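The values are calculated or read from the model by the stated rules, or taken from the named source; none is laboratory data. For clarity, every value in this text was computed on a predicted model and none was experimentally measured. Reconstructed Cβ throughout: ideal geometry from the backbone, glycine too, with neighbour counts over all protein chains shown. These accessible areas exclude ligands, DNA and RNA; they are computed on the full protein's heavy atoms, side chains included. Shrake-Rupley method; radii C 1.70, N 1.55, O 1.52, S 1.80 Å.
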Amino acid sequence: MIQTEDYGPEWSASLRRGSAAEIESWLRFAQDAADEADRIALGAYQTELHVDTKLDGTFVTDADRTIEQAIRQRIADAYPGHGVVGEEFGQEGSGAAERWYLDPIDGTHNFMRGLPLFGTLLAVERDGELQASVVSAPALGQRWYASRGTGSWVVGGVNAAEPRRLRVSTVDRLDQTQVLFRSVNDMHDSRVSAGFDRLIRAVWRERGFGDFWGYTLVADGAAEAMMEQDLGPWDLAAPWLLVEEAGGRVTDFDDRRSLDRGEGFATNGRLHGIVLEQLHIGAG
């Protein structure tokens, strides 16, 4: 069996790389940036959009570009020595110790079709470890945020008055597990396709709740696993910290904590090795 021991709130807190005050200031900055992103996104949502096709065949709207440009400018003004890795305008400051990962609209295709499952993702790392992150979904009226050692939180929705702390579930049996993924086709194109088909027949329930939302559901204990592939680091960084600070675990399909493989595999921690083992049955 694949062994995965490194998870839980105390373990996550041990990855803090800076003072509490410094990390809190980064989180406040990210929240303010998300406020501006929300205004831009909602101003364009369910209107006639200008849409372009990117080289990889995916779509981008003017709202995507406007949000990323606005947040990049905020970062340049507040933290001129920090790097940025963004979906629409690439990488700046690759050698910086602190880097921001930015997805201006995660779920652009939902945004284009008038579906409310889209959001801005923003996270900062120091020396390769994520330190603070925000996931803001204005059409849902919800925002999730986390920082090392202070937990993961959600505000909005039915809990609009006060932030609520997130905790992963305690389920430890496969036949009681709810598994989420971006799409069946996405997983069939992955290198664990055969194992995925076996897995979804072994679990209690499976649903295609993709993009950032699947990770927030794992962090909130509503599901035990979320998986997808063909990702950029901007897709993963902010949800990654949410799950770890809620007590869960995130890796690629080889059980490595890396944003570079383009694979997102998040669980409640207890089931990480069990689900990975299922995914690798029959894998090439």
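Pick from ALA237, ALA266: which is hydrophobic (A, V, I, L, M, F, W, C) and touching a Pro at 6+ places or on another chain (Cβ under 8 Å)?
Values: ALA237 fails: touching a Pro at 6+ places or on another chain (Cβ under 8 Å).
Result: ALA266 is the single residue among ALA237, ALA266 that is hydrophobic (A, V, I, L, M, F, W, C) and touching a Pro at 6+ places or on another chain (Cβ under 8 Å).
Scan segment 25-41 and tell me whether some residue there is modelled with pLDDT of 95 or more and assigned to a loop (DSSP other than H, G, I, E, B). Please lay out each step first, then the result.
Our first condition is that a residue be modelled with pLDDT of 95 or more; within segment 25-41, this holds for 25-41.
Then drop every residue that is not assigned to a loop (DSSP other than H, G, I, E, B), which leaves none.
Checking segment 25-41: not a single residue is modelled with pLDDT of 95 or more and assigned to a loop (DSSP other than H, G, I, E, B).
Please state which one of THR53, THR58 is surrounded by fewer than 13 Cβ atoms within 10 Å (Cβ to Cβ), hydroxyl-bearing (Ser, Thr, Tyr) and in contact (Cβ under 8 Å) with a residue 12 or more places away in the chain. Can you show your working first?
On the way: THR53 fails: in contact (Cβ under 8 Å) with a residue 12 or more places away in the chain.
Testing whether each residue is surrounded by fewer than 13 Cβ atoms within 10 Å (Cβ to Cβ), hydroxyl-bearing (Ser, Thr, Tyr) and in contact (Cβ under 8 Å) with a residue 12 or more places away in the chain leaves just THR58.
Which residue out of TRP204, TRP153 is open to solvent by 40 Å² or more (accessible area, probe 1.4 Å), over 16 Å from the mean Cα position of the chain (by Cα) and either within 16 Å of HIS272 (Cβ to Cβ) or not polar (S, T, N, Q) (or both)? So the residue among TRP204, TRP153 that is open to solvent by 40 Å² or more (accessible area, probe 1.4 Å), over 16 Å from the mean Cα position of the chain (by Cα) and either within 16 Å of HIS272 (Cβ to Cβ) or not polar (S, T, N, Q) (or both) is TRP204. Could you tell me how many of the residues in segment 90-114 are touching a residue at least 24 places away in the same chain (Cβ under 8 Å), open to solvent by 40 Å² or more (accessible area, probe 1.4 Å) and within 16 Å of THR61 (Cβ to Cβ)? The number of residues fulfilling the criteria is 2. For beta carbons closer than 9 Å, sequence separation of 6+ or different chains, a first residue in segment 26-47 that is within 19 Å of VAL84 (Cβ to Cβ) and a second that is surrounded by fewer than 14 Cβ atoms within 10 Å (Cβ to Cβ) and among the aliphatic types (A, V, I, L, M), the qualifying pairs are PHE29/ALA78. For GLU162, the conditions (1) assigned to a strand (DSSP E or B); (2) modelled with pLDDT of 95 or more are fulfilled apart from (2).
Here segment 243-284 is the region considered, the condition is being more than 18 Å from the chain's Cα centre (by Cα) and not in a helix (DSSP H, G or I), and the residue that is modelled with the lowest pLDDT is GLY284.
For segment 238-246, does any single residue satisfy the condition of being within 22 Å of LEU121 (Cα to Cα) and without any contact (Cβ under 8 Å) to a residue 24 or more places away in the chain?
Going through segment 238-246, the residues within 22 Å of LEU121 (Cα to Cα) turn out to be 238-246.
Okay, now just the ones that are also without any contact (Cβ under 8 Å) to a residue 24 or more places away in the chain, so none.
No: segment 238-246 contains no residue that is within 22 Å of LEU121 (Cα to Cα) and without any contact (Cβ under 8 Å) to a residue 24 or more places away in the chain.
Is it the case that some residue within segment 118-136 is under 30 Å from THR47 (Cβ atoms), touching a helix residue (DSSP H, G or I) at 6+ places or on another chain (Cβ under 8 Å) and surrounded by fewer than 16 Cβ atoms within 10 Å (Cβ to Cβ)? No, segment 118-136 contains no residue that is under 30 Å from THR47 (Cβ atoms), touching a helix residue (DSSP H, G or I) at 6+ places or on another chain (Cβ under 8 Å) and surrounded by fewer than 16 Cβ atoms within 10 Å (Cβ to Cβ). Checking ILE40, ILE71 one by one, the residue that is closer than 20 Å to GLN142 by Cα and touching a Ser or Thr at 6+ places or on another chain (Cβ under 6 Å) is ILE40 and no other. Taking into account only those residues within segment 165-201 that are open to solvent by 60 Å² or more (accessible area, probe 1.4 Å), assigned to a helix (DSSP H, G or I) and among the polar types (S, T, N, Q), which is nearest to ARG270 (Cα to Cα)? The qualifying residue nearest to ARG270 (Cα to Cα) is GLN176. Among the residues making up segment 19-48, a single one is open to solvent by 30 Å² or more (accessible area, probe 1.4 Å) and in contact with a Pro (Cβ under 6 Å, 6 or more places away or on another chain): LEU42.
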